[in-house]
Each structure stands twice: as C-alpha cells, then as structure tokens.
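What follows is a set of notes on a single structure, which appears directly below.
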Amino acid sequence: MVGENLRLEQQTALQQRLNPQNVALGRVLEMSVPEFEDEVRRELDDNPALEAVEADREPTEDYGESAEQMQLADYADADDAPAYLSGHGRQTDGHHVEAATYTADDDEGMGTILMHRLAAETDLGAGEMRIAAHIIGNLDDNGYLTRPLRDIADDIAISEGVYVDDADVRRVFDAIRTLDPAGICAVDLRDCLLLQLDRLPQTVESLTAREIVAHHFDLFSKRHFDRLQAQLDIPRDGLAAAVALIQTLNPKPASALGGSANIDRAQHVSPDFVLDYDAATDTFTVSLQGNIPELAVEASFRVDEPVGKQTQRERQAYAFIKEKRNAAAAFIKLVNMRAETLMAIAKAIVRLQHDFFVSGDKGDIKPMILRDVSSLTGLDLSVISRATSGKYILTPHGMYALKMLFNERPDADTDVSSHKILTALAEIIEGEDKHAPLSDRELTDALAAEGYELARRTVAKYRERLGVPVARLRKDF
C-alpha cells in the first residue's frame, strides 16, 4: 500500500547565518576615507531621523586612549571650526593635513604587486613567471582579463620566440586567480563575483548567492526578484539575505591594490590614519582621518509610541518614525563600530611594527601576519583583512599601505622579515663582481654568513621578487 512507503525522518544540521550588522560592517570597513564620507552624506540626505550635531572636540591624546577619543582627535583645540563644515583638512602639531595630496610610499603598480605575491605565495618556476607577467600585463584597470589565453600564448611565442603549452598557460592563469584580492584575473563580472563567493564560508546565504550568480545572473542583474524567488523556491527574506551578500562583493578587485597597470603611479591617496611620534617619551599618537560629523537621532523622532486608541493615520505615522529612528540608530552604531575596529587594528599594527614606525627603515619591518593582529585585537581574520585592504597610514617618514607591513617569516625558525632579507640580498647582489656574478647557491651562502639561514629555493624566489635575473644573465663581458 502507498501508506506503507511513508516514513518520518529527523535530521540535525548546523547552519551559519551572517548577521546583517556584520555584513554592513564588512562593507564600510573596506571603504576608503572619501568613500565613507560619501556614505555618511548619503545617509544624512536619505534619512530624516539622522542628523549631524556640532560638538566640541577634545585634542588628540597620547597613544593608548580610547577609540572614541582618537576618532574625535581631529582639531588642535575646541575652538576650531568643524572640518566637515569648513571643508579644511586636519591640523596636527601645526602641520596642515590635506586629503588627497599624498602619494603612498609603495610605488608599485598592480602588475608589480601581483608578481610579488605570485612569487611569494606559489611555487611557479621562472618560465611560468614569464607567462604570468604576460597574463597580468593584459589585466584591465579593474583587474579583469579581457583577452583569450590562446592569444596571450601567441604573444609569448612572437615576442620571446618561446612556444608555451596551453595547459601551462591555464595553470598559471589558475594560480593568479588564487591571489588576493579575490576576483582578480576574472574574465567578466559574473566570474569575478563567483571567485569571491567561492572563498566565503558555506552558509545558507553564500550558497544561495552562488546559485543566483552562477545560474540566474541575468534575472539578478535585471532585478527581476519575483521571478528569481519563484525559480529558487525560497522565502523572500532568504532571497534578500543572499542579494545583500552579493552587493557586498567588489566588482572592481584591482581597486583594492591601490594601483593598476595603466594608472599613473603618482596617484594621490587619502590617508586613513595619521601617526605622530614623540621621541622624548617614545609615544605614538594615532588619529583616524575623515571628516565625519557626530551623528545623533533627530529630536522629533525620539518620541514614545502613543497610548490609547489610534487612528490608522497615527499608526502609520508612528510606524514611519520608528522605522527611520531604528535605521538612524543602526547607522550610528555602524559608524562607531567602524571607528573602533579600525583604531583597534591600527594600534595593534603600530605596536607590532614599533621599530619601523620609529626609524622609517623598511629593514625594521618585523614578520607580521593577520593572526598576529587578531591575537591583540580579538577580531576575526576576515575583518582584519577587509579593514587593512586599501588603507594607508601617514607617518613622519611618509605614507605607507597597511598591507605592505604584513609579511610572513621565511621559515618557522627565524624572526626576520622578508623585507630585511630582500634588503640584504639586494646589497649582496649590488656588491658582487659583475664579471663573475654569484649563483643562487653562492647567494644562499652569503646570506647565511650574515645570519640568514635560508634554502636555496627560497633565495631564488627572493631574487625573482627583486626582479634580478639568474647569474649567467647578470654577467658583464
């Protein structure tokens, strides 16, 4: 009988849901100073319950103060006019800090950055790195590869007289696509979004988002959400969560690198932090940049729900007030969370890289990875990665990208940074006999004599990062 085939099963499943507040925080953490200022202005324009209030600002305190105090430390004294009204930059120690007038001290374009990362994070050989240089050289300003791999292989054959197999080109192409930022070397927008979604934890929202992008991208791009919901057969709130996740992705991954192959390397950037140093007391002062006003819920929206019988108009009016008030309160909380998170990360980085910020010598940069910052702040690795991507700090020695300060140990037994080893290796190669240049084995021995015990393969990788060819190609005749 049919009834005999029916049975009841009970299953237990563990699901991870993304908190909407955390999704919003991740989005604003990735924003640069001008982008976040625009976001605040848009919110002030769109939400009548949100207002900017003028308040006296306390002068910047010594390193170690609260995140809130550091966020407000934008003025020399309380009598200064607020920068968000006057349009002026920040004053610190009598020196005017004007936005978008500094050039980062990491004059590497997108191609150089990606080649360095590829050499450090993969085991590609010299021939494969040549292929990578051609592929990366064909990325557009957004980080997309707009030419077929077969055409690139033909370019290599014509320009270098070397035949490369399609499988080799594909392998290098796949390796580049594993680099940060996620989405780099995508062939189109859909591919870019999929590369980013594939790196997210598998949750209901991320899996739904991937299904939308992979199989229903046309409906999504045309915003046919009713048809999309019907085809996926999911609740409305499930679709909304997946769409919100997709909207947090970066359609222009090259923007996270702070440069591109076809953009002037003297491109101006706005510092996200300003670091001052008092040598007498060995004290740092960190200030979070941005002309962000103090925000509050507008007084007329801070009302209690009417008591007693209400008309339909009164109920609708209060529902509108409550909705806008809650949205304003949530945005104010988001602004504060962004400031606190960025300041916590900046303070941790300054602690870990104390010697570098004192001297300005890149040789003093210590090994530092995301986990080191996480251990000091308690923040998730993905939060730290988003918060440091595309962020810059202005120091007495110049402007630096925060990502430049992250570097792993060459091996587990050394506490020397890759920056210091690169400097030492460059000096050794500079001083070698040009008629008898040092082989990789001899370079390894020379570094060992200076206290850097590394494998020959590691030394060869560092030599390639410096853009230095093998010994036979360095020889003078």
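Taking Ser255 as meeting all but one of (1) surrounded by fewer than 19 Cβ atoms within 10 Å (Cβ to Cβ); (2) at pLDDT below 85; (3) under 18 Å from Ser32 (Cα atoms), write down the number of the exception.
Condition (1) is where Ser255 drops out.
Inside the stretch 195-205, can you point out the residues that are more than 20 Å from the chain's Cα centre (by Cα) and either surrounded by 19 or more Cβ atoms within 10 Å (Cβ to Cβ) or of a type in the set (D, E, K, R) (or both)?
Within the stretch 195-205, just Glu205 meets the criteria.
Please specify each residue of the stretch 266-276 satisfying the condition of being over 19 Å from the mean Cα position of the chain (by Cα) and at pLDDT below 90.
Ala266
For the stretch 203-239, how many residues are free of Cβ contacts under 8 Å to residues at least 24 places away in the same chain and not in a helix (DSSP H, G or I)?
Number of matching residues: 6.
Quick check: anything in the stretch 221-231 at pLDDT 90 or above and either β-branched (Val, Ile, Thr) or under 23 Å from Leu145 (Cα atoms) (or both)?
Looking for residues that are at pLDDT 90 or above and either β-branched (Val, Ile, Thr) or under 23 Å from Leu145 (Cα atoms) (or both), one finds none in the stretch 221-231, hence no.
I'd like the full set of residues that are in a loop (DSSP other than H, G, I, E, B) and more than 16 Å from Met129 (Cα to Cα), limited to the stretch 162-186.
Within the stretch 162-186, Asp180, Pro181, Ala182, Gly183, Ile184 qualify.
Among all residue pairs at least 6 apart or on different chains, which show Cβ distances below 7 Å where the first residue, located in the stretch 258-281, is closer than 13 Å to Thr395 by Cβ and the second is loosely packed, with under 14 Cβ neighbours inside 10 Å and at pLDDT below 50?
Asp276/Asp93
Considering (1) touching a residue at least 40 places away in the same chain (Cβ under 8 Å); (2) not in a helix (DSSP H, G or I), say which one Asp304 fails and leave the rest.
The failed condition is (1).
Quick one: would you say Asp380 is within 23 Å of the chain's Cα centre (by Cα) and among the acidic types (Asp, Glu)?
For Asp380, the condition - within 23 Å of the chain's Cα centre (by Cα) and among the acidic types (Asp, Glu) - is met.
Output the residues belonging to the stretch 378-393 that are within 13 Å of Ser32 (Cβ to Cβ) and part of a helix (DSSP H, G or I).
Across the stretch 378-393, the qualifying residues are Arg386, Ala387, Thr388.
Can you give me the number of residues within the stretch 280-336 that are polar (S, T, N, Q) and within 36 Å of the chain's Cα centre (by Cα)?
Count: 8.
Which of the residues belonging to the stretch 307-353 are part of a helix (DSSP H, G or I), exposed (fewer than 15 other Cβ atoms within 10 Å of the Cβ) and of a type in the set (Lys, Arg)?
Arg313, Arg315, Lys322, Lys333, Arg351
Given the conditions (1) out of contact with any helix residue (DSSP H, G or I) (no Cβ under 6 Å at 6 or more places or on another chain); (2) closer than 23 Å to Leu288 by Cα, report the number of the one that Asp355 does not fulfil.
The one condition Asp355 does not meet is (1).
For residues that are surrounded by 16 or more Cβ atoms within 10 Å (Cβ to Cβ) and outside any helix (DSSP H, G or I), tally how many sit in the stretch 354-371.
Of the residues in the stretch 354-371, 4 are surrounded by 16 or more Cβ atoms within 10 Å (Cβ to Cβ) and outside any helix (DSSP H, G or I).
The values are calculated or read from the model by the stated rules, or taken from the named source; none is laboratory data. Everything numeric here is computed off the predicted structure, so don't read it as measured data. All Cβ positions, glycine included, derive from the backbone under ideal geometry; neighbour counts span all protein chains shown.
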